[in-house]
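The values are calculated or read from the model by the stated rules, or taken from the named source; none is laboratory data. A quick note: this is a predicted structure, and the numbers were derived from the prediction, not measured. Quick reminder, even Gly has a Cβ in these numbers, built from the backbone with ideal geometry, and neighbours come from all protein chains shown. Protein only, heavy atoms only, side chains kept; ligands, DNA and RNA dropped before computing areas. Shrake-Rupley method; radii C 1.70, N 1.55, O 1.52, S 1.80 Å.
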Amino acid sequence: MSKHTTIDAKRWQDVTTRRKAADGTFFYAVTTTGVFCRPSCPARTAKRENVVFYENAADAEAAGFRPCQRCHPLAAVGRDPHTSLMRAMADYIDAHTGEALPLKRLAMEAGISPFHFQRTFKAVIGVSAKEYQAAARLRRFKEQLRKGDGVLAATYDAGYGSTSRVYEKVDGGLGMTPSAYRRGGAGETITYTVRETALGPLMMAATARGVCFVQFGESEEALRKQLSMEFPHAILEIASAGAKGPIDHWMAALEKHLAGSAPRPELPLDLRGTAFQIKVWRFLLSVRAGDVVSYSELAAGISAPRSVRAVASACGANRIAVLVPCHRALRADGSLGGYRWGLDRKRTLLDAERSKSHISY
Ligand SMILES: [Zn+2]
């Protein structure tokens, strides 16, 4: 008897707190109304003395109760409470591939002990939660790639970007190593090209690995100075007119994008910065056109919720305008914050994206 009392007390607590994770593990019926509900039902909580618990929906129905019209208890139900709870937890993992999900957190969501969770998940799903998440990430990653997202965006989106260890593992598997943090570009040749755009002169520069510099400036000369300040030891070469190297194609794609006639091109990027900066920039790659993100959301997104100011300065240190969309990062109150290339340009870029966000980017 005392065991039942404990279980019922726990269930009653789940009902009063409307704990979603308890859905599927039991049902409660209200004798005064004749309906039965899932624990998370949003309806007003009944009086305790009018509530009866059932292991499954069939028992509640057999006792003459009707399914509630608000929470549709039959919709969420499998036959076995463990099965439906673990399936729900598998869905939960699928929906949170980008986060660290320690066993403790999963067990808490499910409302059972870590030990019990570990055992039940494996029994129902067939693999451990950890293995399931690894597979879910890979699934998500491939899905994003198939949808045409670039490798970097897909990588972040699938959750590999949030833990550098996993990231490197998978990145290596794709035959790319994350760009090392090299200072000054010693021994490298950087090719650049300049165009006149609606937002002023724009320079793009690239190493053998990819685009390392996209910036607006007042003149070609000022931009060239800026480039040599950022890569003081590199050999800088202007792309010869008519040579049609990769940088010309990349610049053409970027121009089309800026003119509003094409989505952001997925070009190879040579990101150089501290590990922290690179995390921030990778996160920015996952922010879609028409969307914005606050510095604090960004900080939370890279699992550094206390580093809002460091995140804002990493955005400010971005060298690759537009392609790494730091213009989509705003202050928490929605104000523009800063922009390395001037707030007018930031506003113009955002307005253009907002007006076109119905186009699928
Ligand atoms: Zn209900």
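Details
- Sparse-neighbour loop sites [trypsin sites (Lys or Arg not before Pro); the stretch 257-313; at most 10 other C-beta within 10 Å; DSSP]: Arg306
- The mean accessible area for residues of the stretch 275-357, using a 1.4 Å probe and ignoring ligands and nucleic acids, is 43 Å² per residue.
- 22 Å Cα-Cα threshold exceeded, pairs from Lys104/Lys130; Lys20/Lys279; Lys225/Lys279; Lys256/Lys346; Lys20/Lys47: Lys20/Lys279; Lys225/Lys279
- 5 angstrom amide H check on Leu330, placed H, neighbours 5+ away: Val293, Ser294, Tyr295
- Highest average packing first - 5-12, 264-271, 92-99, Cβ atoms within 10 Å: 264-271, 92-99, 5-12
- In this structure the stretch 3-77 gives 55 Å² per residue of accessible area when probed at 1.4 Å with all protein chains present.
- Phi-based couplings in Hz for the stretch 250-265 (Karplus 6.51, -1.76, 1.60; Gly and Pro marked x): 5, 5, 4, 5, 5, 4, 4, 4, 5, 6, x, 9, 8, x, 4, x
- Mean silhouette area of the stretch 3-77, derived from the convex hull of its C-alpha atoms and averaged over all directions, reads 4.4 nm².
- On the stretch 1-139, 57 percent of the accessible area sits on carbon and sulfur atoms, based on a 1.4 Å probe.
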